[in-house]
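Asks: After the structure tokens below, expect a handful of questions from me.
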Amino acid sequence: PVPASCEQRAIADYLDEKTAEIDTIVSQTERSIELLREYRKSVISEAITKGLDPDAPMKDSGIEWIGEIPDTCRIIPLKHLVDTVESGKSIDGAHYPASKDEIGILTLSAVFQGVFRKSENKAILPKDNDKVSCKLRKGSLLISRCNTSDWVGTAAYVSEDHENLYLPDKLWQLRFKSDYLTRFIQFSLSSKPSRSYF
């Protein structure tokens, strides 16, 4: 073995020191991101369940897990607000996302923690193109019906059209009477009381 020169030793020490600093910054940043996510959930929950006026008179919602709500709010079952509910089919896809020229089927990870990720899809083989049945539509709300506590009821808003993407059987696509209502439902389903209920 060749003994390390003083310069090599100095470079190694410098890199050890700098990578340790970077690791510390990464760890602090990850913690900050987690705190911001918690704060986001808290703001959503507060606005959904308490309204925007902290001094507004409250009333019992009649639903244990929601608690009190502003006196001016009404409780309406979600099924009375939905215009349409659609779901796709279970189709085996490739182990890579669809290109612009291919048809893709969304994976469950396309909808998680209130965010829609279009890149989470699998390309469909051309022989299976006629099996897809539910095209992804702008302005819809995707809701996971996967039966695990982290995934069930997770909702994400689709803000733009994606011509070549389709739904699997484990995601519902809901349409409501207005875009504002769709976004409100999405935030409602992302609130702490809703997530706890699911």
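The values are calculated or read from the model by the stated rules, or taken from the named source; none is laboratory data. The structure presented is a predicted model; accordingly, all values stated were derived computationally and were not measured. Because the Cβ atoms are built from the backbone with ideal geometry, glycine has one as well, and the counts that use them run over all protein chains shown. Heads up: the accessible areas ignore ligands, DNA and RNA and are worked out on the full protein's heavy atoms, side chains in. Shrake-Rupley method; radii C 1.70, N 1.55, O 1.52, S 1.80 Å.
Asks: Length gain on complete extension for the stretch TRP151 to ARG137, per 0.36 nm per residue less the alpha carbon to alpha carbon distance?
Replies: 2.9 nm is the gain from fully extending TRP151 to ARG137.
Asks: If DNA, RNA and ligands are ignored and the probe is 1.4 Å, what is the ranking of HIS162, HIS80, HIS95 by accessible area, most exposed first?
Replies: Numbers: HIS162 20, HIS80 115, HIS95 190 Å².
These residues rank, largest area first, as HIS95, HIS80, HIS162.
Asks: Please list the non-local residues whose amide H lies under 5 Å from the amide H of PHE176, H modeled 1.01 Å from N, same-chain partners needing a gap of 5 or more.
Replies: ASP83
Asks: Now for a different question. Which value, in debye to the nearest 20, describes the size of the charge dipole of the range 51-198 about its Cα centre when Lys and Arg Cβ atoms bear +1, Asp and Glu Cβ atoms bear -1, and nothing else is charged?
Replies: For the range 51-198, the charge dipole is close to 300 debye.
Asks: Also: Report, in degrees rounded to the nearest 10, the 0 to 90 angle that the Cα long axis of helix 179-190 makes with the longest principal axis of the chain.
Replies: It is inclined by approximately 60 degrees.
Asks: Then there is this: List every residue whose amide H lies under 5 Å from the amide H of LYS89, counting only residues 5 or more places away in sequence or on a different chain, with H placed 1.01 Å from N in the peptide plane.
Replies: When sequence neighbours closer than 5 places are left aside, the close amide H contacts are SER133, CYS134, ASP169.
Asks: Given the rule -39500 (n - 2.57) for each run of at least 4 DSSP H residues, summed and divided by the residues of the chain, what is its mean residue ellipticity at 222 nm, to the nearest 500 deg cm²/dmol?
Replies: Using -39500 (n - 2.57) per qualifying helix, the result is -11000 deg cm²/dmol.
Asks: Let me ask something else about it. With a 1.4 Å probe and every protein chain kept in, tell me what percent of the accessible surface of the range 1-91 is carbon plus sulfur. Mind showing how you got there, number by number?
Replies: Values: 4210 of 7350 Å².
C and S fraction of accessible area: 57 percent.
Asks: Leaving out ligands and nucleic acids, and using a 1.4 Å probe, what accessible area per residue does the range 115-198 come to in Å²?
Replies: Ligands and nucleic acids excluded, the figure is 52 Å² per residue.
Asks: What distance in nm separates the two pseudo spin-label positions at ASP130 and ARG40, each 7 Å out from Cα along the beta-carbon direction?
Replies: Output for this residue pair reads 4.3 nm.
Asks: Here is a further query. Mind grabbing the accessible area of SER190 for me, 1.4 Å probe, Å², rounded to tens?
Replies: Number for this one is 20 Å².
Asks: With a 1.4 Å probe and all protein chains in place, put VAL82, VAL158, VAL26 in order of accessible area, largest first.
Replies: Values: VAL82 30, VAL158 0, VAL26 70 Å².
Descending accessible area places them as VAL26, VAL82, VAL158.
Asks: Which one, LEU52, ALA12, VAL26, projects farthest toward the positive side of the charge dipole computed for the chain from Cβ point charges (K/R +1, D/E -1)?
Replies: LEU52
Asks: Here's a follow-up. For a paramagnetic label modelled at 7 Å from the Cα of LYS59 toward its Cβ, which residues of the range 80-105 fall within the zone defined by backbone nitrogen distances under 18 Å?
Replies: none
Asks: Still on this model: Any idea what angle helix 6-50 forms with the longest principal axis of the chain, computed on alpha-carbon atoms, 0 to 90 degrees, nearest 10?
Replies: 10
Asks: Further, regarding this structure: Per residue, how much accessible area does the range 1-45 have with a 1.4 Å probe, in Å²?
Replies: Heavy-atom accessible area per residue stands at 88 Å².
Asks: Hey, with R₀ at 22 Å, roughly what FRET efficiency would ARG183 and GLU86 work out to, going by the Cβ-Cβ distance, to 0.05?
Replies: 0.70
Asks: Now a separate question. Exceeding 26 Å between C-alpha atoms, which entries from my cross-link table qualify? They are LYS41/LYS89; LYS79/LYS170; LYS79/LYS122. Each step should come with its number before you reach the end.
Replies: Details: LYS41/LYS89 32 Å; LYS79/LYS170 19 Å; LYS79/LYS122 31 Å.
Going by Cα-Cα distance, LYS41/LYS89; LYS79/LYS122 fall outside the 26 Å limit.
Asks: List, in order, the whole-Hz ³J(HN,Hα) value for each residue of the range 124-141 obtained from phi through the Karplus relation with A = 6.51, B = -1.76, C = 1.60 and θ = phi - 60°; use x for Gly and Pro.
Replies: 9, 5, x, 5, 9, 4, 7, 8, 5, 9, 10, 6, 5, 10, 4, x, 9, 10
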